[in-house]
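J.: Please find one structure pasted underneath; my questions will follow.
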Amino acid sequence: MIYLDYQATTPLAPEARAAMLRWLEGPGEGDSFANPSSSHKSGRAAAAAVEVARDQVAALLPKGGRVFFTSGATEALNWALLRGAEVMPGGVAGLSIEHAASLQCLERLNATVLPVDGAGLALPPDADLVPEHGIVATMLVNNEVGTVQPVADYAAAAHAKNSLLLCDAVQGYGRVAIPEGADLIALSAHKIHGPKGIGALWIRDGVDLPPLMFGGAQEQGMRSGTVSPALCAGFGAAAALAGERFDADAAHVEQLWGIALDMLSEWTINGDTERRYRGNLNVQREGVNGLRLMSDARDVAFSLGSACGSGSGKVSHVLRAMGVSEADARASIRLGWGRYTSEQDLRAGLDAITAAARLQGVN
């Protein structure tokens, strides 16, 4: 299988796996299985590992905030929006192209929809659409078309109305610089070569967000439940590695982007070609049936859009928000690559996809 679906998840980094293994050992192997809330020596060691990981994750974020570990970005976004709306009652607004984890919360809160243009970029902030003493949700990198959103502009607009800015940074964290100005930032480990089942919510100092769950004093009383040192260590190691490899990873992704554009020169790119993360390529081709293409090129892992929406039968809400017709949306596919994608694998995968398109009568 040639893996070109890095927006859905990324391969676990060997360094992250190694960091996790220590905290999965049983009796007689170092006693590294202890509960980090326990006060004995083993518990204190586990707690220290969690704090090291917290610092590693925070190192790629703005100063002046605190990382709280969660089960993933979905939990972090739900926490920020649903609990945040309790203390910021002025209303909620969010981009029409937000991930479903935000979008469904926004719908539940009767949020104002902030439009995007045909290139998949948020329009300049409209003060009339920004709530007073509320929350504005603006993702950093769109998960379907890779466009980088003007988070700093929306943060300034939100602050001018005494509102908070929530940034879904899942697809950008460790890949592009995190803009200043956000008050809440949601993260996910498995998008940066960390383990699944853990994410984080960064809360700026001074923001009074209610606790997510009750029942214990874990995560400074903000999220009750036993913390997993293994998952935290894996997330921390992945974050540290992303920081160390930031420039090298970006250069590798840029090189693969150029190869893909050359090999898919007859395809139309969905989304702005400049203000985007280069590891995401969403393209369409007249006459292509994306769903059938996935079946015919079954040895290549790619997608039609968000993994969270696969199987629904619905076309991408992101592409539709950009004004792409339903027919063109169904003729679109999303390709994603990153650190462990070789040039050979990318070329072989794209060859397989173009061959499958020819089976549909597309030259």
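J.: How much of the DSSP beta bridge set in the chain is antiparallel, as a percent to the nearest 5?
T.: Restricted to the chain, the bridges split so that about 60 percent are antiparallel.
J.: Under 18 Å between alpha carbons, and skipping anything fewer than 8 positions from Lys41 in its own chain: which aspartates and glutamates qualify?
T.: Glu25, Glu29, Asp31, Glu51
J.: Next question. Cβ neighbours within 10 Å, averaged per peptide: list 200-210, 325-335 in order, most packed at the top.
T.: 325-335, 200-210
J.: Take every Cα pair under 8 Å in the chain that's 6+ residues apart, average their separations, divide by the length, and report that relative contact order as a whole percent.
T.: 24 percent
J.: Can you name the helices of the chain, as whole DSSP H runs, whose Cα span along the helix axis is 18 Å or more and whose Kyte-Doolittle mean is not below 1.0?
T.: In the chain, the long hydrophobic H runs are 229-244.
J.: Then there is this: Provide the FRET efficiency to the nearest 0.05 for the Val87-Arg347 pair, computing r from the beta carbons and using R0 = 56 Å.
T.: The computed FRET efficiency comes out at 0.60.
J.: I would also like to ask the following. With a sphere of radius 10 Å drawn around the Cβ of Asn282, what net charge do the other residues whose Cβ falls strictly inside it have (Lys, Arg +1; Asp, Glu -1)?
T.: Value of the local net charge: +1.
J.: How large is the accessible surface of Tyr3 in square angstrom, using a 1.4 angstrom probe and rounding to the nearest 10?
T.: Accessible surface of Tyr3 is approximately 80 Å².
J.: Would you mind counting up the charge near Ala119? Only other residues with Cβ under 12 Å from its Cβ, with Lys and Arg at +1 and Asp and Glu at -1.
T.: Value of the local net charge: -1.
J.: Label Glu180 and Ser96 with points 7 Å out from Cα along Cα→Cβ: what is the distance between them in nm?
T.: 3.3 nm
J.: What order, most packed first, do the peptides 288-296, 225-233, 138-146, 5-13 have when packing is the mean number of other Cβ atoms within 10 Å of each residue? Display every interim value, and only then the final one.
T.: Working: 288-296: 16.7, 225-233: 22.3, 138-146: 27.4, 5-13: 20.3.
Packing order, densest peptide first, comes out as 138-146, 225-233, 5-13, 288-296.
J.: Right, something else. Which value, to two decimals, describes the C-alpha radius of gyration of the chain once divided by 2.2 N^0.38 Å?
T.: 1.01
J.: Let me ask something else. What lysines does Lys63 reach when the alpha-carbon gap must be under 25 Å and sequence neighbours fewer than 8 apart in one chain are set aside?
T.: Excluding near neighbours in sequence, the set is Lys161, Lys191.
J.: Would you calculate, for the chain, the mean residue ellipticity at 222 nm contributed by helices, counting each DSSP H stretch of 4 or more residues as -39,500 (n - 2.57) and dividing by all residues, to the nearest 500? Walk me through the numbers before you get to the answer.
T.: Values: 12 runs with 123 residues, N = 363.
Only helices count here, giving -10000 deg cm²/dmol.
J.: Next up: If R₀ is 30 angstrom, what is the calculated FRET efficiency for the pair Glu266 and Phe246, using the beta carbon separation as r and rounding to 0.05? Spell out each step's value before the answer.
T.: Numbers: r = 33 Å, r/R0 = 1.10.
After rounding to 0.05, the efficiency reads 0.35.
J.: Next up: Take every DSSP beta bridge with both residues inside the range 205-363 and express the antiparallel ones as a percent of the total, to the nearest 5.
T.: Percentage antiparallel, nearest 5: 90.
J.: Oh, and also: So for the chain, taking the charge dipole from beta-carbon charges (+1 Lys/Arg, -1 Asp/Glu), which of Ala217, Cys167, Phe33 sits furthest toward the positive end?
T.: Among Ala217, Cys167, Phe33, the one farthest towards the positive end of the dipole of the chain is Phe33.
J.: Related question: Dipole of the chain (Lys/Arg Cβ +1, Asp/Glu Cβ -1, origin at the Cα centre): which of Ala18, Gly349, Tyr277 lies farthest to the positive side?
T.: In the chain, that residue is Ala18.
J.: Output ³J(HN,Hα) for the range 292-302: one whole-Hz value per residue in order, computed from phi by the Karplus curve 6.51 cos²θ - 1.76 cosθ + 1.60 with θ = phi - 60°, and x for Gly and Pro.
T.: With the stated coefficients, the range 292-302 comes to 5, 4, 5, 6, 6, 9, 5, 8, 10, 8, 9 Hz.
J.: Can you work out the accessible area per residue across the chain, with the rest of the protein chains kept in place, probe 1.4 Å, in square angstrom?
T.: Normalised by residue count, the accessible surface of the chain is 42 Å².
J.: Which percent of the accessible heavy-atom area of the chain goes to carbon and sulfur, probe 1.4 angstrom? Each step should come with its number before you reach the end.
T.: Details: 7900 of 15260 Å².
Its accessible area is 52 percent carbon and sulfur atoms.
J.: Taking H placed 1.01 Å from N in the peptide plane, check which residues at least 5 places from Phe68 or on another chain put their amide H under 5 Å from its amide H.
T.: Leu201, Trp202, Ile203
J.: Using +1 on the beta carbon of Lys and Arg, -1 on that of Asp and Glu, and nothing else charged, what's the dipole of the chain about the Cα centre, debye to 20?
T.: Once rounded to the nearest 20, the dipole reads 640 debye.
The values are calculated or read from the model by the stated rules, or taken from the named source; none is laboratory data. Remember, predicted model here, so these are calculated numbers, not experimental data. Methodologically, a virtual Cβ is constructed for each residue, glycine included, from the backbone with ideal geometry; neighbour enumeration extends over all protein chains shown. Accessible surface is based on the protein model in full, side chains and every heavy atom, while ligands, DNA and RNA are left aside. Shrake-Rupley method; radii C 1.70, N 1.55, O 1.52, S 1.80 Å.
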